[in-house]
1. May I ask you to verify whether B:F113 is buried (at least 17 other Cβ atoms within 10 Å of the Cβ) and at pLDDT 95 or above?
2. Just one of the numbered conditions (1) more than 30 Å from A:P41 (Cα to Cα); (2) of a type in the set (S, T, N, Q); (3) more than 11 Å from chain B (Cβ to nearest Cβ) is not true of A:S164; which one?
3. What is the number of the single condition among (1) more than 21 Å from A:L201 (Cα to Cα); (2) of a type in the set (V, I, T); (3) away from chain B (no Cβ under 14 Å) that A:V66 does not meet?
4. Out of the residues in the stretch B:164-201 that are farther than 24 Å from B:I371 by Cα and charged (D, E, K, R), which is modelled with the lowest pLDDT?
5. Which helices (runs of 4 or more DSSP H) does the stretch B:272-380 wholly contain that include 3 or more residues that are among the aliphatic types (A, V, I, L, M) and under 22 Å from B:L262 (Cα atoms)?
6. Can you find, within the stretch A:69-81, the residue that is nearest to the chain's Cα centre (by Cα) among those that are facing chain B (nearest Cβ under 9 Å) and without any contact (Cβ under 8 Å) to a residue 60 or more places away in the chain?
7. Which pairs do you get when a residue that is in the same structural domain as B:S245 (by TED's automatic domain parsing), found in the stretch B:385-402, comes within reach of a residue that is in a helix (DSSP H, G or I) and exposed (fewer than 13 other Cβ atoms within 10 Å of the Cβ), reach meaning Cβ atoms under 9 angstrom, with the pair 6+ apart or on two chains?
8. Filter the stretch B:191-214 down to the residues that are surrounded by fewer than 16 Cβ atoms within 10 Å (Cβ to Cβ) and part of a helix (DSSP H, G or I), then identify the one that is farthest from the chain's Cα centre (by Cα).
Amino acid sequence: MGVSDPAVRIAGVSKSFGTHPAVSDLSLSVPRGTVYGFLGPNGSGKTTTLRLILHILLPDSGSVEVLGRHGTRAANDRIGYLPEERGLYRKMEVRRQLEYLTALKGLPPARSRPLIASWLERFGLSAWADEKVEALSKGMCQKVQFIAAVAADPELVVLDEPFSGLDPVNQEVLREALLELKRRGTTVILSTHDMAAAEELCDTLCMMHEGRKVLDGTLEDLRARHGTGMVRVESSFGAAGLEGMPGVAAVRDLGRVQEVRLSGDPQELLRALVARGGVSRFETVRPTLKEIFLANAAPAAKGAP
Amino acid sequence: MRKVAAIAVTEFVNTVRSRGFLLALMLTPVFIGASAVVQIVIKERVDTEDRRFAVFDPSGGLYPAIAAAAEGRALSGGARAPRFVPERARDGEPTAAAAELSKRVRSRELFAFVMIDPGIVEGRQGAGFSYHTQTQAYLDLPLWLKGVLDEAVRSARVAGERIDKAAFARATKPAPMRRLGLVELGPDGAPRAAAPASRAGDFVVPAAAMFLLFLLVFMSVPMLLHSVIEEKQMRIWEVLVASVSPFQLLMGKLLGNTLVSLSVSFFYLGGAVAMAERFGVGDQVPPQLIAWFLVFQLLALLIYGSMFSAIGAACSELRDAQSLMTPAMFLLIVPMFGWVAILRAPTGGFAMALSLFPPATPMLMLLRLAIPPGPAPWELALAIALTVGFSWLCVWTAGKIFRVGILAQGQTPTLARLVEWVLAK
């Protein structure tokens with residue numbers, strides 16, 4: 001398998017639970033060494049997709065290829081996983097628990113010990129290594145669980161809502177750790193409904209809604225594809241003066257500034273505004289992920305029964 | 001296989017380090033021993049109340065023999081057994097006398113009364129004696145009375161017939177019976193004297209072996225169920241099945257549980273053998289019986305361990321598991337229904353049929369093996385084959401249920417749904 005081959009390749013995958021389709025005809029490709037984000041509201045099929053990647057669930061149709069292995073769990077030892085539903089053995093000591101979970105990834109304790117010690121040090125948990133998990137706070141438990149996902153030095157790390165429940169300080173620690181993984185060349189798949197975190201961390205994104213992919217691509221691609229339809233204008237004539245001008249579909253009055261949704265070429269509107277005079281500001285708006293998502297998912301939601 | 005071993009070792013270490021396990025390991029024999037001691041103490045200490053009874057004997061010929069026997073018993077019986085205290089009931093019309101004596105029994109003045117029919121010594125047709133009490137479960141007094149009155153009536157008849165008492169005693173002296181085993185041939189081919197029958201060998205060792213195996217299985221397999229449910233409740237299962245297949249997880253758990261159970265065996269079997277040596281019946285516990293014990297323990301743990309693991313995987317909470325546990329518990333206690341009959345006729349058709357029923361085989365075949373001469377070799381071979389096959393079926397079925405169940409949350413599946421999971425590809 002070459003380095004240019006994707007870490008994950010999903011083709012035409014569908015998965016239903018009873019009569020409920022959780023994922024429908026999903027195809028995507030996760031480039032190696034990148035941070036790939038799954039975005040979408042609760043119930044959009046993100047967690048099911050992650051479980052399909054880990055072969056915890058098998059697809060009803062379509063194919064899943066992970067780290068060059070097609071349709072088997074053979075690559076699972078090279079994948080670290082932080083599920084959304086966190087859990088640890090409460091009566092087990094932190095170090096012993098991490099050694100056990102990394103042993104299940106095929107790493108003997110002799111090799112995992114220094115890696116675990118290094119991660120515990122990084123997260124400030126060295127002093128708690130020999131304590132039982134029940135003595136740890138919730139935030140500490142989440143950090144231990146993250147270490148369990150990465151301590152075996154996997155090639156691919158799958159994280160389901162990694163920031164949920166963490167305070168801002170620990171969120172920052174985790175963000176740094178993710179960037180460190182990326183620098184080492186680890187592929188990271190991140191599922192979240194935190195659009196801001198995804199915007200900050202992810203190189204490539206896949207937006208899901210009701211089990212279907214509604215968008216995917218790099219952040220720049222998405223903005224390029226969805227960011228040209230909006231401009232901000234500051235002028236002496238305000239919102240009323242913008243109504244009916246060429247290329248204007250809708251105007252949102254923000255006070256001194258108006259946000260204009262375009263139906264045509266922005267250059268045409270700019271020329272018209274310059275000709276009319278009194279324009280002090282004209283800028284194209286780079287939409288946030290949330291705006292892009294709402295623009296793409298909302299119509300589907302409205303159309304949903 | 002390394003992952004299965006890692007799961008097994010972790011299960012083993014987690015279990016044997018838990019306070020609950022150590023307490024159960026130490027306290028189970030203590031409780032069993034204590035309950036035996038308590039029963040003996042209760043029997044000897046609690047039941048010492050005098051048994052007063054009246055004897056309605058219009059002829060007056062038999063009462064003196066009863067009174068003398070009661071006095072003799074009181075002198076030889078010691079303080080621990082209740083005394084039997086007779087009194088002669090007033091003569092009168094029998095029905096009225098019986099009514100009066102019944103009244104005294106109801107008022108707890110008497111424990112019982114005996115009505116002796118006229119003509120009992122003469123052997124009149126239908127003449128005998130009747131024993132009346134409110135406590136029919138207490139058998140010591142009526143059995144004692146039967147013996148005393150039989151002897152008194154016999155003596156009276158001998159005296160009446162003018163037979164020489166000594167000659168009669170010689171003529172009616174019972175033939176002593178010795179209970180022995182079979183005659184074995186020595187290395188030189190010469191027959192050896194048969195060994196005396198041993199209560200330890202014929203009853204205690206077989207029953208103890210079977211109940212010890214039952215105890216070990218009963219102690220071990222619910223721990224598996226708890227462990228699986230805990231992993232579901234603590235949300236650990238998803239991390240585990242992202243690293244190992246559900247079947248590997250099941251096998252690791254079964255193996256870990258087997259290690260725990262074998263460790264307990266080491267203590268309990270060691271203790272049992274030491275006790276047998278201490279009481280001079282060590283030769284009744286041959287090494288091959290211990291080997292068979294371990295073989296059947298392994299098979300029983302595979303059968304019941306896989307059943308209980310599957311139940312744990314199918315349920316999200318312990319209370320939900322109760323309904324599914326009922327059929328598994330029923331199979332587990334099947335040997336309890338038949339063990340006494342098998343002990344009495346270990347080579348009979350019933351013994352053979354029930355001990356070849358795979359869920360009951362480990363315990364009942366062990367019971368039969370402990371009773372000389374044991375089952376025929378073909379029976380043993382068939383039992384092993386059937387039980388290994390059934391164990392494999394249980395593990396396979398549990399693996400299928402485990403695969404789906406470990407991912408399922410919420411409502412407990414019905415038996416029909418479990419069958420669907422098993423039949424799913």
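1. The answer is yes for B:F113.
2. Looking at each condition in turn, A:S164 falls short on (1).
3. The failed condition is (3).
4. B:K165
5. Correct list: B:287-314, B:318-344, B:361-370.
6. The qualifying residue nearest to the chain's Cα centre (by Cα) is A:N76.
7. Between residues of the stretch B:385-402 that are in the same structural domain as B:S245 (by TED's automatic domain parsing) and residues that are in a helix (DSSP H, G or I) and exposed (fewer than 13 other Cβ atoms within 10 Å of the Cβ), the close pairs are B:K400/B:L423.
8. Per the criteria, the residue is B:R199.
The values are calculated or read from the model by the stated rules, or taken from the named source; none is laboratory data. Everything numeric here is computed off the predicted structure, so don't read it as measured data. Cβ sites come from the backbone with ideal geometry, for glycine too, and all protein chains shown count toward neighbours.
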